[in-house]
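Shown next, in C-alpha cells, is the structure this report addresses.
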Amino acid sequence: MSTETTLCVSEIFHSIQGESSFAGWPCAFVRLAGCGHGCRYCDTAYAEEAGTAMTVEQIVRRALAFEAPCVEVTGGEPLLQPGAFELLSTLCDHHPAVLLETGGFLPVERVDPRVHAIIDIKAPSSGVAAENCATNFALALDTPERFEFKIVVASREDYEWAKSYIAGHDLPGKCSIIFGPVFGHLEPRLLAEWILRDRLPVRMQLQLHKYIWNPDARGV
Ligand SMILES: C[S@@+](CC[C@H](N)C(=O)[O-])C[C@H]1O[C@@H](n2cnc3c(N)ncnc32)[C@H](O)[C@@H]1O
Ligand SMILES: Nc1nc2[nH]cc(C(=O)O)c2c(=O)[nH]1
Ligand code: SF4
Ligand SMILES: [Mg+2]
C-alpha cells in the first residue's frame with residue numbers, strides 16, 4: 001500500500017448509507033475536505049473547513065476497520081484532490097464495493113473502473129446547473145453498470161428541468177437514475193406524485209440518515 005500520497009480529510013465515519021441504490025447498507029464513509037462549487041442547498045458546508053492530512057494507507061486502514069459491506073468516498077468534492085484517484089484504486093484493491101459520490105462538474109474518466117460512481121447532476125436551484133460535465137454521459141452510456149445519476153430537486157421547476165435533462169441525454173432506460181428532494185425544501189410526497197403521474201422510470205430516494213439521526217448532525 002502506498003504511504004506517500006496525502007489527502008485532506010474532513011471525517012471518516014461509519015453509518016447507514018442514506019443515499020443511492022446502496023441506501024440502507026452499513027457503510028464506511030471517507031469525506032474529503034474542500035469543494036467550493038457552492039450549491040445553494042449544500043448540507044455539508046463544514047467540509048470546506050480545513051481537514052486533516054492523512055496518507056492513503058491511514059485512510060484505507062481507518063475505513064476498512066469498520067468491516068462494512070460498502071465504502072464510500074465523498075466530500076466536499078472528492079475528485080478535486082489529485083490523490084483521490086489513488087485512494088479509490090487502493091480501496092478497490094482491498095474491498096469489493098467502493099462507491100464514489102461526486103458533484104458531476106468534473107470528468108470521471110480517470111476513476112478506477114472498479115468503482116461504482118454516483119454522479120450528481122445539479123438542477124437550476126443549485127445555482128450551478130450550467131457547470132454539469134457533459135462528457136460523463138457518454139462514458140456512463142458505454143458502461144452503465146458502473147454508474148448511477150442522481151438529481152436533487154428543490155421545486156417543480158427543477159423537476160421539469162431534470163425530466164428534460166435526462167431525456168435529452170438519453171439516460172432513461174439505459175442508466176440508473178435517482179431523484180430526491182432537497183431536504184426541508186420540497187415535500188417528498190409531491191416529488192413521489194410527480195414521478196408516478198409522469199410514469200418516470202427513475203428511483204426516488206430520501207436521505208435515510210436524516211430520518212434516523214438529527215438532520216444537522218455530522219458524522220452520520
Ligand atoms: C454533500 S454532497 C458531496 C459529494 C459531491 N460534492 C456531490 O455534490 O455529489 C453529497 C450529496 O448530498 C446531496 N445534498 C447536499 N445537500 C443536500 C440537501 N440539502 N438535500 C438533499 N441532498 C443534498 C448532494 O446533492 C449530493 O448528492
Ligand atoms: N449516511 C449517509 N449517507 C450518505 N450518502 C451520501 C452521503 C454524502 O454526504 O455524500 C451521505 C452522508 O452524509 N451520510
Ligand atoms: S458539489 Fe457537493 S459538496 Fe460541493 S457544494 Fe455542491 S453538494 Fe456541496
Ligand atoms: Mg451527506
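The values are calculated or read from the model by the stated rules, or taken from the named source; none is laboratory data. Just so you know, these numbers come straight off a predicted model, no measurement behind them. So basically every Cβ, Gly included, is an ideal-geometry build from the backbone, and we count neighbours across all protein chains shown. These accessible areas exclude ligands, DNA and RNA; they are computed on the full protein's heavy atoms, side chains included. Shrake-Rupley method; radii C 1.70, N 1.55, O 1.52, S 1.80 Å.
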Cleavage-rule hits (trypsin sites (Lys or Arg not before Pro)) in segment 87-155: DSSP loop, at most 12 neighbouring Cβ within 10 angstrom: ARG110
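Given the DSSP H assignment, sum -39500 (n - 2.57) over each helix run of at least 4 residues in the chain and divide by its residue total; what's the result at 222 nm in deg cm²/dmol, nearest 500? List each step's numbers first, then the result.
Working: 6 runs with 55 residues, N = 220.
After summing the helix terms and dividing by the residues of the chain, the value is -7000 deg cm²/dmol.
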statement: The answer for chymotrypsin sites (Phe, Trp or Tyr not before Pro) in segment 128-220 that fall in a DSSP coil and have at most 12 neighbouring Cβ atoms within 10 Å is none
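Computed FRET efficiency, Cβ-Cβ of ALA45 and SER155, R0 22 Å: what is it to the nearest 0.05?
Values: r = 21 Å, r/R0 = 0.95.
According to the calculation, E is roughly 0.55.
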task: Please give the FRET efficiency for THR52 paired with GLU4, using the beta carbon to beta carbon distance and R0 = 22 Å, rounded to the nearest 0.05.
output: 0.85
task: Report, in debye and to the nearest 20, how large the dipole of the chain comes out about its Cα centre when Lys and Arg carry +1 and Asp and Glu carry -1 on their Cβ.
output: 480
query: Taking 0.36 nm per intervening residue step and subtracting the Cα-Cα distance, what contour gain separates TRP25 from PHE66 on full extension?
result: 13.5 nm
query: Straight-line reach from LYS210: which lysines have a Cα under 24 Å away, not including same-chain ones fewer than 8 places off?
result: LYS122, LYS150
- prompt: According to a simple spin-label model (label point 7 Å from Cα along Cα-to-Cβ), what is the distance in nm between ARG218 and ARG203?
  reply: 3.0
query: For segment 210-217, in order, what is each residue's ³J(HN,Hα) by Karplus, 6.51 cos²θ - 1.76 cosθ + 1.60 with θ = phi - 60°, in whole Hz (x at glycine and Pro)?
result: 7, 9, 7, 10, 4, x, 9, 5
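Taking all protein chains as present, what is the carbon and sulfur share of the accessible area of segment 72-115, in % to the nearest whole number, probe 1.4 Å?
Values: 840 of 1540 Å².
Heavy-atom surface of segment 72-115 belonging to carbon and sulfur, 1.4 Å probe: 55 percent.
Output needed for segment 46-111: three equivalent-ellipsoid semi-axes, defined as square roots of 5 times the C-alpha gyration tensor eigenvalues, in descending order, whole Å. Write out the running numbers ahead of the final one.
Working: eigenvalues 68, 46, 25 Å².
They are 18, 15, 11 Å, listed largest first.
Expressed as a rounded percentage, what relative contact order does segment 6-210 have, with Cα pairs under 8 Å and six or more residues apart? Don't jump to the answer; show the numbers that get you there.
On the way: 411 pairs, mean separation 37.5, N = 205.
Rounded, it is 18 percent for segment 6-210.
Do any GluC sites (Glu not before Pro) in segment 1-54 lie in a DSSP loop with no more than 16 other beta carbon atoms within 10 Å, and if so, which?
Values: sites: GLU4, GLU11, GLU19, GLU48, GLU49; in loops: GLU4, GLU19, GLU49.
Passing both the DSSP loop test and the Cβ count: GLU4, GLU49.
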Cα long-axis angle, helix 156-168 against the chain (0 to 90 degrees, to the nearest 10): 80
query: Could you give the accessible area per residue of segment 6-210, probe 1.4 Å, as a whole number in Å²?
result: 43
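Would you mind calculating the gained length between ALA192 and GLU131 on full extension (0.36 nm times residue separation, minus the Cα-Cα distance), in nm to one decimal? If you can, show how the numbers build up before the last one.
Values: separation 61, 0.36 × 61 = 21.96 nm, distance 2.70 nm.
The span from ALA192 to GLU131 would gain 19.3 nm if fully extended.
Can you pull the Kirkwood radius for the chain, inverse mean 1/r over Cα pairs, to one decimal in Å? Could the numbers behind the result be given before it?
On the way: mean 1/r = 0.0568 Å⁻¹.
Kirkwood hydrodynamic radius for the chain: 17.6 Å.
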query: Roughly what % antiparallel, to the nearest 5, for the DSSP beta bridges in the chain?
result: 30
